[in-house]
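S.K.: There's a structure below that I have some questions on.
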Amino acid sequence: VESISVKKIETVEEFKDLKIQKSEKGRGISLTLPPDIAICEECLKDLRYKNKKKYYMYPFVACAVCGPRYTTVNALPYDRERSTMIEFPLCNEDKTSCVKEYKDFNNRRFHAQTFACAVCGPQYQLYDRSKNIIETNSIKEILEITARRINSGEIAAVKGMGGVHLICLAEDDKVLEELRNRKKERKYKPFAIMTPKLAILENLVIFSEKERELLTSFRRPIVILGKKKGSNDGILSNQVAPGLSSIGVMLPYAGIHYLLFDFIGQKSLIYTSGNVSNLPMGIRNEMIFEQLKGLADFFLLHNRTIFQRCDDSVLRVHNDKVKLIRRSRGYVPEYLPLPFEVEISGALATGPELNVTGAVLRRNRVFPTQHIGHIKSLETFNFLKNALFNIKNLLQIEDKEIEFIACDLHPSFYTTTYAKELAEKYGINYFPIQHHFAHVLGLM
């Protein structure tokens, strides 16, 4: 919402109900889609309320104000039939059914597009490292087995909202050394941790009110926090962020995270992207098995399709100002408004080669893609193309509306070659921009 205007009108008409009409296919710069949103406090209560059986211990509990958005939607307007939740029709069997909640304007799930319950929604399943199903009878049993194996030092691959994480104990040197050995190119690179409560880390890290606010926001980013000198007390292994004076911390943002901590205990866990170095995360179960067969000891995967992979966002605070290091989950696909008016119907930017993010321009709004990574493989290059054109398609920008392509000046980058190909395809100009000059422009 950019602005709100209020106008009082004289009327005697009374309205006794609220109806939401079927969405009409629209076009224009007003089309928007919210990012994925961390589970809200009300849904968290449902998750832990035994008398509400359909939501009790159900990892995918959500409502109109929380849950997956960008990672599940394949087209606008934002409705269930244009999301991967269409695979799970709402139950309609009794007075507490999801259909009843969806139609009740007094219910917070009124016209919520991505919610479901244990009766009609997605489910988790455990697998061993050979892709064999580990037989279980309930989500409670799944969580008990997962917690027991993680607490014993094993590494789990857990599929979540926008991808998969490798999860293990953050306090055990041997476990961390094993994870680094398996990841190969992560010999010294720091890992992020997820902690169930900030109070656990109060003697280990320093965080301001601003950082606390960011950590607990609906975006739930990884926030880089400074370590307190000489105060570890065995809370974390030195292998988490070797040689550094800071550490990346995030709080739970999905039902499955809270449930895992309920069974694992009040301790921090490593939560790192589940991928082979320089490859994008797998989002289909078969792809996850293939990528992580030598990295994970077992797999906790669900059957909800992820339409767009989206890594955790990373930021730090300097002088009370937020510095985004990796802009992804919780931020994408929000736009950045330009500080001036332009009449450009559409344009694309393909980015450099390292730490790539593409972008789509629509009038005076820039829509960056999620974090892509280093373009060193065909898989990552295809990820960039998919993410770029996903935003183009969400905004319903036609090919003829694209006026130019922006890219890096370096002639050997894959992204530069791709920009040339797009320019030739659409019969438009492309503009190579020197990398450091682009940085300077970004500060203006």
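Every read-out reported here was derived from the displayed coordinates using simple, explicitly stated rules and does not represent laboratory data. Nothing here was measured: the structure is a model prediction, and the numbers come from that model. Positions of Cβ are generated from backbone atoms using ideal geometry, with glycine treated the same way; all protein chains shown enter the neighbour counts.
S.K.: So, with +1 on the Cβ of K and R and -1 on the Cβ of D and E, and no other charges, what is the size of the charge dipole of segment 1-149 about its Cα centre, to the nearest 20 debye? Spell out each step's value before the answer.
M.R.: Working: 26 positive and 21 negative charges, 50 e Å.
That gives segment 1-149 a dipole magnitude of about 240 debye.
S.K.: Going highest first, how would you order 100-111, 60-71, 346-357, 402-413 by mean Cβ packing within 10 Å?
M.R.: The densest-packed peptide leads the list: 60-71, 346-357, 402-413, 100-111.
S.K.: Run the reach check for Lys140 against aspartates and glutamates, Cα to Cα strictly under 16 Å, same-chain hits fewer than 8 apart removed. What comes back?
M.R.: By straight Cα distance, Lys140 reaches Asp46, Asp262.
S.K.: May I pose another question? First check a/c for segment 340-442, with a ≥ b ≥ c the square roots of the eigenvalues of its C-alpha gyration tensor; if it is under 1.5, answer rounded, and if not, answer prolate when a/b is larger than b/c or oblate otherwise. Please list the in-between numbers first.
M.R.: Working: a/c = 1.41, a/b = 1.24, b/c = 1.13.
Cα axes put segment 340-442 in the rounded bin.
S.K.: On to the next question. May I ask you to compute the full-extension gain from His436 to Glu290, defined as 0.36 nm times their residue separation minus their alpha-carbon distance, rounded to one decimal in nm?
M.R.: 48.7 nm
S.K.: Specify which residue in the list Asn278, Ser328, Ser246 is farthest towards the positive end of the charge dipole of the chain, using unit charges on the beta carbon of Lys, Arg (+1) and Asp, Glu (-1), about the Cα centre.
M.R.: Ranked along the dipole, the leading option is Ser246.
S.K.: Just grab the label-to-label distance for Asn382 and Glu334, each label 7 Å out from Cα along the Cβ direction, in nm (one decimal).
M.R.: Between Asn382 and Glu334, the label points sit 3.2 nm apart.
S.K.: Among Ser83, Ile428, Gly346, whose Cα projects farthest towards the positive end of the dipole of the chain, with charges put on the beta-carbon of Lys, Arg (+1) and Asp, Glu (-1)?
M.R.: So the residue furthest toward the plus end is Ser83.
S.K.: Same structure, new question: Give me P(r) over the chain, computed from all C-alpha to C-alpha distances, binned every 20 Å, as integer percentages.
M.R.: Histogramming the chain at 20 Å steps yields 23, 55, 21, 1 percent.
S.K.: Label segment 272-419 by shape, choosing from rounded, prolate and oblate, from the square roots a ≥ b ≥ c of the eigenvalues of the Cα gyration tensor; if a/c is under 1.5 it is rounded, and otherwise prolate applies when a/b is larger than b/c, oblate when it is not. Don't skip to the answer; put the middle values down first.
M.R.: Working: a/c = 1.78, a/b = 1.54, b/c = 1.15.
Prolate, because a/c is 1.5 or more and a/b exceeds b/c.
S.K.: Report the local net charge at Met250: Lys and Arg +1, Asp and Glu -1, summed over other residues whose C-beta lies under 11 Å from its C-beta.
M.R.: My count for the surroundings of Met250 gives +2.
S.K.: Could you calculate, for segment 124-302, the ratio of the Cα radius of gyration to the Kirkwood radius, expressed as Rg to Rh?
M.R.: 0.95
S.K.: Next up: Place the peptides 130-143, 329-342 in order of packing, highest mean first, counting for every residue the other Cβ atoms within 10 Å and averaging per peptide. List each step's numbers first, then the result.
M.R.: Details: 130-143: 13.1, 329-342: 16.2.
Final packing ranking: 329-342, 130-143.
S.K.: For Lys376, which aspartates and glutamates qualify as cross-link partners when the Cα separation must be under 15 Å and same-chain residues fewer than eight apart are set aside?
M.R.: Glu185, Glu353
S.K.: Please list 198-205, 184-191, 144-151 highest first by mean number of surrounding beta-carbon atoms within 10 Å per residue. Present the calculation step by step, with values, prior to reporting the outcome.
M.R.: On the way: 198-205: 15.2, 184-191: 13.8, 144-151: 17.9.
For the peptides 198-205, 184-191, 144-151, the packing ranking is 144-151, 198-205, 184-191.
S.K.: Then there's this: Treating cross-link reach as a plain straight distance, find the lysines whose alpha-carbon is under 27 Å from the alpha-carbon of Lys16, omitting any fewer than eight places away in the same chain.
M.R.: Those lysines meeting the cut-off are Lys7, Lys8, Lys95, Lys100, Lys103.
S.K.: Only Lys, Arg, Asp and Glu count, each charged at its Cβ (+1, +1, -1, -1), so figure out the dipole size of segment 124-302 about its Cα centre, rounded to 20 debye.
M.R.: 500
S.K.: List the cysteines of the chain that have no other Cys Cβ closer than 4.7 Å: which are they?
M.R.: Cys43, Cys63, Cys98, Cys117, Cys168, Cys310, Cys407
S.K.: Follow-up question, since we're still on this one. Where the convex hull is taken over the Cα atoms of segment 27-122, what is its projected area averaged over directions, in nm²?
M.R.: Average projection, Cα convex hull of segment 27-122: 6.4 nm².
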